[in-house]
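Accompanying notes for the structure given below.
The values are calculated or read from the model by the stated rules, or taken from the named source; none is laboratory data. The model shown is predicted, which means the values in this text are computed figures rather than measured ones. Note that we place each Cβ from the backbone using ideal geometry, even for glycine, and neighbour counts take in every protein chain shown.
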Amino acid sequence: MGGEPLGSACLTKPKSGLPLALGMGEPTRVPGQTNEWGEAPSEERARTQPSRQRGLLLVGLFKLGKAIFFAAVGAGALHLVNRNMSSVLTHGVDILGIDPERHFVSVLLQHVQFIDPHEMRKAGLLSFLYAAVCVVEGAGLVLKKRWAGYLTVILTALGLPWEGFELLVKFSTYKLALLAINFGVLLYLLWILKRREADASLTL
């Protein structure tokens with residue numbers, strides 16, 4: 001009955017060839033998966049977070065660009081209030097060297113004379129209001145604020161039905177491109193917010 005005590009071989013020589021104490025010291029981690037504490041691997045975070053931050057920066061700059069454009073439109077509309085639009089258009093045609101006898105020029109001259117100064121003022125104020133909203137969205141996204149992502153998603157989603165209706169009423173390449181860009185921005189922001197929520201739940 002000599003030899004090693006019963007069970008000593010099992011305690012000191014597991015199948016892996018390592019002592020049991022060493023085999024249980026650190027949990028096994030599989031690349032691309034979370035560990036037993038619910039934390040995502042730091043390598044994966046390091047790869048995905050900078051790309052998402054660059055994406056938010058680009059969307060934020062796009063919103064700030066829209067703010068500049070609509071602010072310019074609003075300033076132009078308010079500047080033209082109570083002015084003779086036919087004279088303004090004729091002067092612009094002369095500066096650009098466009099033939100005033102062309103069909104589209106005559107059509108524009110027929111329509112601008114019916115523009116109401118009140119409607120022009122309202123269009124200018126609405127353009128400034130939309131520019132202010134774009135500034136809030138763009139600045140928040142550039143500064144990586146969580147609320148800015150949700151605000152942009154909500155406002156973009158609310159504007160898509162109206163843009164689609166305008167496209168159906170009168171088709172234009174500009175309207176189609178604007179609708180496609182806003183829809184792409186919406187999908188991209190939804191993906192980023194989903195990844196953020198997933199990362200946050202893993203660190204709880």
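For the range 68-82, the tally of residues that are outside any helix (DSSP H, G or I) and either farther than 18 Å from G92 by Cβ or small (G, A, S) (or both) stands at 0.
Residues that are at pLDDT below 85 and crowded, with 16+ Cβ neighbours inside 10 Å: does the range 60-77 have at least one?
Filtering the range 60-77 for residues at pLDDT below 85 gives none.
No; the residues of the range 60-77 include none that is at pLDDT below 85 and crowded, with 16+ Cβ neighbours inside 10 Å.
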